[in-house]
Amino acid sequence: MSLPSSTAEMRALDAAHHLHPFSDMKSLNAEGSRIIVKAEGVWLTDSDGNRILDGMSGLWCVNVGYGRQEIVDAVARQMTELPYYNTFFKTTHKPAIELAAKLAELTPPQFNRAFFTGSGSESNDTVIKLVRRYFQIKEKPEKKIIISRRNAYHGSTVAAGSLGGMAPMHAQSAPIPDILHIAQPYWWGEARQGETPEEFGLRAAQALEAAIDAMGEDRIAAFIAEPIQGAGGVIIPPATYWPEIARICRERDILFISDEVICGFGRTGSWFGCETFHTEPDILVMAKGITSGYMPLGAVMVADRVAEVLLEGGDFNHGYTYSGHPAACAAAIANLDIMLREDLVGHVANDAGPYLKAGWSALADHPLVGEAPMTGLIGALELTPDKTGRTSFADVGKVGTLARDFSFKNGLVMRAVRDRLIIAPPLVISHGEIDELVARARKTLDDTYAELKRWGWVR
Ligand code: PXG
């Protein structure tokens with residue numbers, strides 16, 4: 001069959017045959033999916049010709065923006081020369097060699113070796129095996145528990161979903177053993193009455209120390225965290241959190257894994273989120289921005305002190321058909337060349353980031369907004385019925401969804417997590433586009449507020 005051209009017919013075909021990720025398919029099919037047909041810069045076009053500002057960089061990944069012919073050409077050249085070869089059985093190829101060396105240059109100095117995967121989930125599955133293998137080789141096989149955090153997102157495979165702290169995922173697929181979840185540093189949602197962000201940040205970090213003591217340091221292999229929890233709602237920790245975590249990781253015999261799938265590649269105004277927050281990880285988890293989403297690719301970077309042990313340990317029995325896929329590596333190389341040439345990290349740190357933050361912070365004066373945090377080009381708006389009291393709406397998630405739908409109508413993609421609106425636009429966003437984004441976000445807040453008044457949910 002060939003694809004019909006009308007939106008209605010395409011929607012019907014999608015509803016009949018396509019199962020979407022993380023979706024209630026019955027209600028989605030009744031409503032019909034939005035069909036995106038093309039994109040350029042920060043702008044999406046749907047099948048009805050609407051232009052929508054992509055405030056989410058696709059799914060937190062299109063860092064260099066859409067329409068980069070240079071990446072397309074690099075992939076096409078690689079596909080012509082060598083579309084596929086594996087990196088098992090004593091072979092390698094030029095794109096994998098070049099990308100691994102490039103990542104060693106761009107990451108903090110302790111990182112010199114990359115293991116390639118096809119996604120962030122595969123990267124985190126790799127990490128679980130890798131840290132357990134590390135302690136096996138060190139003859140401490142009982143050190144295998146990995147500490148993570150509630151509401152963390154580390155992917156969707158059985159193991160990565162277990163590592164994550166998403167209760168609705170665990171409810172549908174029980175987590176694998178030997179993973180422990182501690183508190184998240186979410187001041188708005190979880191601080192005690194009267195507790196300052198600084199006090200709360202310290203308390204949340206010390207939950208790591210308490211967990212290590214409770215389980216016994218001889219059983220803990222690692223702590224994994226996103227520098228800023230993305231899918232959990234853009235939870236930017238209080239300033240006291242990361243220094244205290246860094247102290248604990250330094251003092252204890254555990255590995256620290258920074259999941260940079262969202263925060264990596266410029267998002268927070270440094271190459272990696274760990275640099276923005278001054279932590280010293282042993283392992284970096286990557287995907288998304290590594291290719292700006294043009295091709296699927298993930299990577300795990302291993303610090304020298306870990307790699308040196310692994311290199312002495314014989315076979316590491318792990319790998320994927322598409323580990324270091326040549327076309328995906330070619331996309332990553334071209335993408336990183338663009339980021340370097342255009343100094344997109346500097347652009348986020350010194351120009352687009354501060355400019356968006358100024359406009360975004362001003363939204364905190366809106367009666368619906370409790371807080372409006374932003375670091376680099378990743379931010380959130382906490383929606384609340386009472387901005388003085390850190391209170392939540394009774395039916396959590398309903399207002400967030402309402403606001404997200406208004407946002408789409410207003411030509412801006414924002415995501416809603418519970419009643420928190422989040423954005424992470426392409427790093428190339430211009431001042432004019434930022435003005436447009438902030439204006440559309442404010443209109444979305446006004447529309448949502450007016451509707452909530454009609455419902456009698458706000459005064
Ligand atoms: N780690 C982090 C921090 C992520 O955000 C993954 C790992 C897994 O990556 P893959 O490539 O396997 O999807 C992610 C992915 C959302 C959303 O709704 C977020 C992600 C994926 C899908 C949806 O915000 N993050």
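The values are calculated or read from the model by the stated rules, or taken from the named source; none is laboratory data. Keep in mind the model is a prediction, meaning the values are calculated, not measured. All Cβ positions, even for glycine, are placed from backbone atoms using ideal geometry, and neighbour counts span all protein chains on display.
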(request) Give the residues of the stretch 1-26 that are closer than 27 Å to Gly161 by Cα and not in a loop (DSSP other than H, G, I, E, B), sorted by residue number. (result) Asp14, Ala15, His17, Met25, Lys26
(message) Please list, ordered by residue number, the strands (runs of 3 or more DSSP E) wholly in the stretch 372-445 having 3 or more residues that are modelled with pLDDT under 95 and not assigned by TED's automatic domain parsing to the domain that holds Gly232.
(response) none
(message) Among (1) within 16 Å of the ligand (Cβ to nearest atom); (2) farther than 28 Å from Ala307 by Cβ; (3) part of a loop (DSSP other than H, G, I, E, B), there is one condition Gly194 misses while meeting the rest; what is its number?
(response) (1)
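For the stretch 295-320, give me the residue count where each residue is farther than 28 Å from Glu244 by Cα and buried (at least 24 other Cβ atoms within 10 Å of the Cβ).
Within the stretch 295-320, residues that are farther than 28 Å from Glu244 by Cα and buried (at least 24 other Cβ atoms within 10 Å of the Cβ) number 2.
Could you grab me the full set of residues in the stretch 11-28 that are surrounded by 14 or more Cβ atoms within 10 Å (Cβ to Cβ) and farther than 20 Å from Ala416 by Cα?
Applying the first criterion (surrounded by 14 or more Cβ atoms within 10 Å (Cβ to Cβ)) to the stretch 11-28 yields 11-12, 14-15, 28.
Correct list: Arg11, Ala12, Asp14, Ala15.
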(request) State which residue is nearest to the ligand (Cβ to nearest atom) when the search covers only the stretch 1-37 and only residues that are basic (Lys, Arg) and in contact (Cβ under 8 Å) with a residue 12 or more places away in the chain. (result) Arg34
(message) So Phe89 ticks every box in (1) more than 15 Å from the ligand (Cβ to nearest atom); (2) at pLDDT 95 or above but one. Which box is left unticked?
(response) (2)
(message) For the stretch 165-182: of the residues being assigned to a loop (DSSP other than H, G, I, E, B) and not aliphatic (A, V, I, L, M), which is nearest to the chain's Cα centre (by Cα)?
(response) Gly165
(request) Could you please give the count of residues in the stretch 395-416 that are more than 29 Å from Gly273 (Cα to Cα) and free of Cβ contacts under 8 Å to residues at least 40 places away in the same chain? (result) 6
(message) Among the residues of the stretch 301-317, are any within 21 Å of the chain's Cα centre (by Cα) and within 16 Å of the ligand (Cβ to nearest atom)?
(response) yes
(message) I'd like the residue in the stretch 136-160 that is small (Gly, Ala, Ser) and surrounded by fewer than 24 Cβ atoms within 10 Å (Cβ to Cβ) and, out of all such residues, is farthest from Ile254 (Cα to Cα).
(response) Ser156
(request) Only residues in the stretch 314-328 that are within 30 Å of Val72 (Cα to Cα) count as the first member; pair them with residues that are at pLDDT 95 or above and acidic (Asp, Glu), Cβ under 7 angstrom, at least 6 apart or cross-chain, and list the lot. (result) Tyr320/Glu122
(message) Quick check on my filter: what residues within the stretch 258-290 are among the polar types (S, T, N, Q) and within 12 Å of the chain's Cα centre (by Cα)?
(response) Ser258, Thr268
(message) Looking at Ala76 and the list (1) free of Cβ contacts under 8 Å to residues at least 40 places away in the same chain; (2) in contact with a strand residue (DSSP E or B) (Cβ under 6 Å, 6 or more places away or on another chain), which single condition is not satisfied?
(response) (2)
(request) Could you list all residues from the stretch 132-146 that are away from the ligand (no atom under 16 Å from the Cβ) and not in a loop (DSSP other than H, G, I, E, B)? (result) Arg132, Arg133, Tyr134, Phe135, Gln136, Ile137, Ile145
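Taking the stretch 46-59 as the search range and keeping residues that are more than 16 Å from the ligand (Cβ to nearest atom) and under 16 Å from Arg440 (Cβ atoms), which one is surrounded by the most Cβ atoms within 10 Å (Cβ to Cβ)? Give the derivation first.
Start the filter on the stretch 46-59 by keeping residues that are more than 16 Å from the ligand (Cβ to nearest atom), which leaves 46-53.
Pick out the ones that are also under 16 Å from Arg440 (Cβ atoms) and you get 46, 50-53.
Details: Asp46: 15, Asn50: 13, Arg51: 11, Ile52: 21, Leu53: 25.
Among residues in the stretch 46-59 that are more than 16 Å from the ligand (Cβ to nearest atom) and under 16 Å from Arg440 (Cβ atoms), the one surrounded by the most Cβ atoms within 10 Å (Cβ to Cβ) is Leu53.
Give Val158, Val127 a once-over and let me know the one that is more than 30 Å from Gln78 (Cβ to Cβ) and either in the same structural domain as Ala332 (by TED's automatic domain parsing) or among the hydroxyl-bearing types (Ser, Thr, Tyr) (or both). Walk me through it before giving the result.
Working: Val127 fails: more than 30 Å from Gln78 (Cβ to Cβ).
Only one candidate passes the filter, namely Val158.
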(message) Which residue is surrounded by the fewest Cβ atoms within 10 Å (Cβ to Cβ), if the candidates are limited to the stretch 321-334 and must be at negative phi and in contact with a helix residue (DSSP H, G or I) (Cβ under 6 Å, 6 or more places away or on another chain)?
(response) Ile333
